[in-house]
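The values are calculated or read from the model by the stated rules, or taken from the named source; none is laboratory data. These figures come from a predicted structure and were not determined experimentally. Ideal geometry is used to build each Cβ from the backbone, glycine not excepted, and the neighbour counts take in all protein chains shown. Please note that ligands, DNA and RNA were not included when accessible areas were found on the heavy atoms of the full protein model with its side chains. Shrake-Rupley method; radii C 1.70, N 1.55, O 1.52, S 1.80 Å.
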Amino acid sequence: MKKKICIVTGSRAEYGLFNPLLEQIKKTPTFQLQIIATGMHLSSEYGSTYKEILRDGYMIDEKVKIPLADDSPEGMTRSMGKAVIGFASAFKRLKPDMVILLGDRSETFSAAAAAFVARVPIAHLHGGELSEGAVDDAFRHSITKMSFLHFTSTEAYRRRVIQLGEDPHRVFNVGALGIDNIRQAKLLSKAVLEKELDFDLEGQVALVTYHPVTLENKTSREQFDQILSALDRFQDLKIVFTLPNSDMDGKIIIKRIHEYVKNRKGRAVAFASLGRIKYLSLMKYADVMLGNSSSGIIEMPSFGKPTVNIGDRQKGRIAAKSVIQCSPQQGSLVKALKKALSSRFSRECSRIKNPYDGGLAAKKIIQILKKEIPRIKSLKKKFYDLA
C-alpha cells in the first residue's frame, strides 16, 4: 500500500521551494502525494496563488481557510486558532502517513500542532535556522520539537537541531530545496520576462522584498520609509517590488509600496505574486536583491548576485559573502546599495560559494523517507543530551 505524504503550503514562496520535492514524491511509486493549501494561497489580496498549484498539474486535496484581514497581534492569534481547527479536520479526512512542513510561519506552526496531537509523523525542513527579528524563530524551534524527521539546509543547522535535543539519527543535512529550483527550472529569457511583467528591465534593476520585523513594535512604516528614501537616491535604478506576506503590520508596507509605485511609473512596479518561474527569472536578471527575505540569503547567492539584507529579521542566518548587512537607516542603506551595485563587488559575487548548496536536496529527502517511514513504529522521543 502506498504511503500518503502530505505537503502543507501557505504561501507563494513556500510552494516554490517545495516544487522539486513535489515532483519527486509524485514520481515515487510507493508514495501518494497529498496537498493542503492554506493561508495566502486562498486570498485574492495575495494573488490567489493556489491557482499556480493547479496550473502546475497538482491536485489540492484540502483547502484550510484562515482569516488574514486583521494583521494585529490579536488577529493573528485568532487566525492561528482557526487554522489548528481546520488542519485537525483535514488530517482526520486525509489520514496521511507523514506530514511535511517547511520553515517557520504561523500557519505552519498550526499545522504542526494539529498533526502532533493527531499522532501523524512530521518531517520538518529548514529547522535549526535563526531569524532573531521575527516571531517565526520561536515557531521554527517549536515545530522542530513536534517533528520526528528533520531535513536541514547546512551542517551547522543540523548541529543546532541536535542541540535542541533531537536524535542525530533522525536529523539529515540535505541542503536547501531552493537551490534545486535554480538548477532545474527553465527560466524565462529577459525579453519574455519583460513582456510578462510589462516592465523594462534595461539598466540596473533592484528586486525588493521586505517583510515586517515582527518582534519589533510598530517599526514597519518608519523602516520602510527609510528604504524608499534610500531608493530615491538612485534615480536610474529600476525597482520591482514583491508585496510582503500576511505578517503583523504587513498591510502598512503594502500601502506604502502602492503609493510609491503610483508616483514613479516606468521606474517602479509591484506584484502581489510573481510565481516561482518569474521570481527566479527576475533574481537572475536583477543586479541586486534588497530587503529581508530568506530568498536573498539562501537563493540569490546561487545566481552570483549581491543581496542587501536589511535589519534584524534574518539576523543569525548563515550568509554568503555576497550578502551585505545593513541597518534600516537611509545612510546605511545608501552605502550598502552603492557597494552592491559597484562593478568590483559584482565581480566578487560571481565567484562566491553558496553555503546552502548541498546538491539535489529533493532526491536526498526521498531516499531518506523511503528508508525511514517504514521504520516508524512509535513517535515517542527521548531528549538527546549533548556529551
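Among rounded, prolate and oblate, which fits the chain when a ≥ b ≥ c are the square roots of the eigenvalues of its C-alpha gyration tensor, a/c under 1.5 means rounded, and a/b larger than b/c means prolate?
Prolate, because a/c is 1.5 or more and a/b exceeds b/c.
Might you tell me the accessible area per residue for the chain, computed with a 1.4 Å probe and given in Å²?
Solvent-accessible surface per residue comes out at 43 Å².
Going by the alpha-carbon gyration tensor, a ≥ b ≥ c the square roots of its eigenvalues, is the range 1-95 rounded (a/c under 1.5) or, if a/c is not under 1.5, prolate (a/b greater than b/c) versus oblate?
Note, shape of the range 1-95 comes out oblate.
Which whole-angstrom value gives the distance between the alpha carbon centres of the range 244-292 and the range 14-42?
Value for the Cα centre distance between the two parts: 25 Å.
Under a point spin-label approximation (7 Å from Cα along Cα-to-Cβ), what is the Ser189-His169 distance to one decimal in nm?
Modelled inter-label distance: 5.5 nm.
Anyone know which of Lys284, Lys251, Lys335 comes out most mobile in the 10 Å Cα GNM of the chain?
Lys335
Report the residue, chosen from Ile60, Ile25, Ile36, that carries the largest GNM mean-square fluctuation when the chain is represented by alpha-carbon nodes joined by springs under 10 Å.
So, out of Ile60, Ile25, Ile36, the one fluctuating most is Ile60.
So which trypsin sites (Lys or Arg not before Pro) in the range 1-52 end up in coil per DSSP with only 13 or fewer other C-beta atoms within 10 Å?
Loop-located and lightly packed - Lys2.
What's the carbon and sulfur percent of the range 138-187's accessible surface, probe 1.4 angstrom, rounded to a whole number?
Carbon and sulfur atoms account for 52 percent of the accessible area of the range 138-187.
Expressed in nm to one decimal, what extension gain is obtained for the pair Thr30 and Ile318 from 0.36 nm per residue of sequence separation less their Cα-Cα distance?
Computed gain between Thr30 and Ile318 is 100.1 nm.
Let me know the shape class of the range 45-144, please: from the alpha-carbon gyration tensor, a ≥ b ≥ c as square roots of the eigenvalues, rounded when a/c is under 1.5, otherwise prolate if a/b is greater than b/c, or oblate.
Here the range 45-144 falls in the rounded category.
What is the extension gain from Ala118 to Ser72, computed as 0.36 nm multiplied by their sequence separation minus the C-alpha to C-alpha distance, in nm to one decimal?
Answer, rounded to one decimal: 13.6 nm.
Among the GluC sites (Glu not before Pro) in the range 209-310, which ones are in a DSSP loop with at most 12 other Cβ atoms within 10 Å of the Cβ? Mind listing them?
Those that pass, being in a loop and sparsely packed, number zero.
Between 0 and 90 degrees, rounded to the nearest ten: what's the tilt of helix 12-27 against the longest Cα principal axis of the chain?
Taking Cα atoms only, the helix is inclined about 40 degrees.
At a Förster distance of 41 Å, what's the computed FRET efficiency of Lys255 paired with Leu379, Cβ-Cβ distance as r, to 0.05?
0.35
Jot down the per residue volume, in cubic angstrom and as a whole number, of the convex hull over the alpha-carbon atoms of the range 128-179.
Here the figure is 79 Å³ per residue.
Divide by every residue of the chain the summed helix terms, -39500 (n - 2.57) for each DSSP H run of at least 4, and state the resulting mean residue ellipticity at 222 nm, rounded to the nearest 500 deg cm²/dmol.
The helix contribution divided over the chain gives -12500 deg cm²/dmol.
Normalise the Cα radius of gyration of the range 246-383 by 2.2 N^0.38 Å (N = residues in it) and let me know the number.
The range 246-383 yields a ratio of 1.34.
Could you check how many percent of all C-alpha pairs in the range 193-302 are farther apart than 18 Å?
46
With a 10 Å cut-off between alpha carbons and a GNM built on the chain, which of Thr152, Thr49, Thr77 moves the most?
Answer for the Gaussian network model of the chain: Thr77.
Starting from the coordinates of the alpha-carbon atoms of the range 324-387, obtain the Kirkwood hydrodynamic radius over all distinct pairs and give the value in Å to one decimal.
The answer is 17.0 Å.
Counting only residues 5 or more places away or on other chains, whose amide H sits under 5 Å from the amide H of Ala268 once H atoms are built in the peptide plane?
Ile239
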